[in-house]
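So the structure is just underneath, and the comments pick up after that.
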Amino acid sequence: MISFAITPEGAVNELVQFNQSLADGLQVLGNIGEVTVGASAKEEVYREDKMVLYHFAPRVAKPHPVPLLIVYALVNRPYMADLQEDRSTIRTLLDAGLDIYLIDWGYPDASDRFLGLDDYINGYIHRAVNEIGKRHQLSSINMLGICQGGTFSLCYSAMHPQKVRALVTMVTPIDFHTSGNLLSHWAQKLDVDLLVDTMGNISGDLLNMTFVSMKPFQLTGQKYVDMVSLMTDKEKLTNFLRMEKWINDSPNQAGEAFREFIKNFYQRNALVKGDLEIGNHPVRLENLSMPLLNVYATEDHLVPPDSSKALRRFVTDRDYTELAFKGGHIGIYVGSRAQKEVPPSIARWLREKN
């Protein structure tokens, strides 16, 4: 049996070292200034209500002729995919020769209270796809959906298969009732009607607190204790603060869309049951006629791998590929190993398919 003895002298020395690191780190912190996010040049090419469609400046002389539209989740901000130069999925995809567009959902306010999933998917996404098609004189484009944005992309592709040439989903929930899905267990018990009818739009801070509470010790205490050990390194501290900025940059959610998403996906699991309708459109996964690349993280606590891999059951006769990344829900975008593995694989796959 191994015992770890903590002596009074050792405890005092550790506390002194901790306090000294904290004091030195606070001086570094005071000199950092504003933390910037976003590594890649982009321009606004279309705007509708709060939604903005951006086009990223190509980083190769002749980018791939079929553009790629990235659809992010409504929760948090899409600059996670372009956080900084050495941790940017978008920048790596650009360097691989892709021509990239991104939907930024903005910050919904009270005027957006009654926007539903039909507005987001058959409205904003559809018109963004048409705008890109018009700019490139194409009838169909490639699409990459991230997390909830992947679920939206699947629904859109199933309803409008002629508009999507190839589809990539990343850490995307498909089956919302797999075992071990803690977020789903919570959402299934939620009285979402009472919540939305009372609050209107759903507070982004409330949702952020929910996600943090899934790993309360690690995400509310331990990471800030660990932060002290890197505070004297300005670059590492800036990287930490950049992540903190993203984590706490949580837009409110349009109440009706939130209600519909919780009820239809988390509570009814209607996507995999085949009885989902968005607007007047039935959503049937068997209508996915385009090549599919499904990327998931093996250590994802928000979207467990089984939830993502469930897509295979519905595309057995299709051009379907899975890519597993050994990491978590966020690490798949910002990890140094992820930059070497995931975006290059996506770019190669897309070039092979069109």
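The values are calculated or read from the model by the stated rules, or taken from the named source; none is laboratory data. Since we're looking at a predicted model, the values are computed, not measured. Glycine gets a Cβ as well: all are built from the backbone with ideal geometry, and neighbour counts include every protein chain shown.
Of all the listed residues (Val168, Val196, Val129), the sole one being surrounded by 17 or more Cβ atoms within 10 Å (Cβ to Cβ) and part of a strand (DSSP E or B) is Val168. When you scan the range 332-354, how many residues do you find that are modelled with pLDDT under 85 and either more than 15 Å from Thr92 (Cα to Cα) or part of a helix (DSSP H, G or I) (or both)? Total satisfying the criteria: 3. Please work out if Ala187 is small (Gly, Ala, Ser), in contact with a helix residue (DSSP H, G or I) (Cβ under 6 Å, 6 or more places away or on another chain), surrounded by fewer than 23 Cβ atoms within 10 Å (Cβ to Cβ) and in contact (Cβ under 8 Å) with a residue 60 or more places away in the chain. It is true that Ala187 is small (Gly, Ala, Ser), in contact with a helix residue (DSSP H, G or I) (Cβ under 6 Å, 6 or more places away or on another chain), surrounded by fewer than 23 Cβ atoms within 10 Å (Cβ to Cβ) and in contact (Cβ under 8 Å) with a residue 60 or more places away in the chain. Run Met143 past the list (1) surrounded by 18 or more Cβ atoms within 10 Å (Cβ to Cβ); (2) at pLDDT below 90 and report the number of the one that doesn't hold. That leaves (2) as the condition not met. List every residue pair whose Cβ atoms lie under 9 Å apart, where the two residues are 6 or more positions apart in sequence or sit on different chains, the first residue falls within the range 257-275 and is farther than 11 Å from Ala187 by Cα, and the second residue, located anywhere, is among the basic types (Lys, Arg) and assigned to a helix (DSSP H, G or I). Between residues of the range 257-275 that are farther than 11 Å from Ala187 by Cα and residues that are among the basic types (Lys, Arg) and assigned to a helix (DSSP H, G or I), the close pairs are Ala270/Lys263; Val272/Arg313.
Residue by residue, here is whether (1) within 22 Å of Glu131 (Cβ to Cβ); (2) β-branched (Val, Ile, Thr); (3) out of contact with any helix residue (DSSP H, G or I) (no Cβ under 7 Å at 6 or more places or on another chain); (4) modelled with pLDDT of 95 or more holds:
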position: Glu34; (1), (2), (3), (4): no, no, yes, no
position: Lys42; (1), (2), (3), (4): yes, no, yes, yes
position: Glu48; (1), (2), (3), (4): yes, no, no, yes
position: Tyr54; (1), (2), (3), (4): yes, no, yes, yes
position: Val60; (1), (2), (3), (4): no, yes, yes, yes
position: Arg77; (1), (2), (3), (4): yes, no, no, no
position: Asp104; (1), (2), (3), (4): yes, no, no, yes
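Residues are listed down the side, and each one gets a yes or a no for (1) free of Cβ contacts under 8 Å to residues at least 60 places away in the same chain; (2) among the hydrophobic types (A, V, I, L, M, F, W, C); (3) surrounded by fewer than 19 Cβ atoms within 10 Å (Cβ to Cβ); (4) not in a strand (DSSP E or B):
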| residue | (1), (2), (3), (4) |
| --- | --- |
| Thr92 | no, no, no, yes |
| Leu102 | no, yes, no, no |
| Pro108 | no, no, no, yes |
| Ser111 | yes, no, yes, yes |
| Tyr120 | no, no, no, yes |
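The set of residues in the range 241-288 that are of a type in the set (Phe, Trp, Tyr) and either modelled with pLDDT of 90 or more or in contact with an Asp or Glu (Cβ under 9 Å, 6 or more places away or on another chain) (or both) comprises Phe258, Phe261, Phe265, Tyr266. Scanning the range 121-138 for residues being touching a helix residue (DSSP H, G or I) at 6+ places or on another chain (Cβ under 6 Å) and more than 21 Å from Ile90 (Cβ to Cβ) gives a total of 1.
Residue-by-condition table, conditions (1) among the hydroxyl-bearing types (Ser, Thr, Tyr); (2) under 21 Å from the mean Cα position of the chain (by Cα):
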position: Asn264; (1), (2): no, yes
position: Leu271; (1), (2): no, yes
position: His281; (1), (2): no, no
position: Ser289; (1), (2): yes, no
position: Leu292; (1), (2): no, yes
position: Thr298; (1), (2): yes, yes
position: Val303; (1), (2): no, yes
position: Ser307; (1), (2): yes, yes
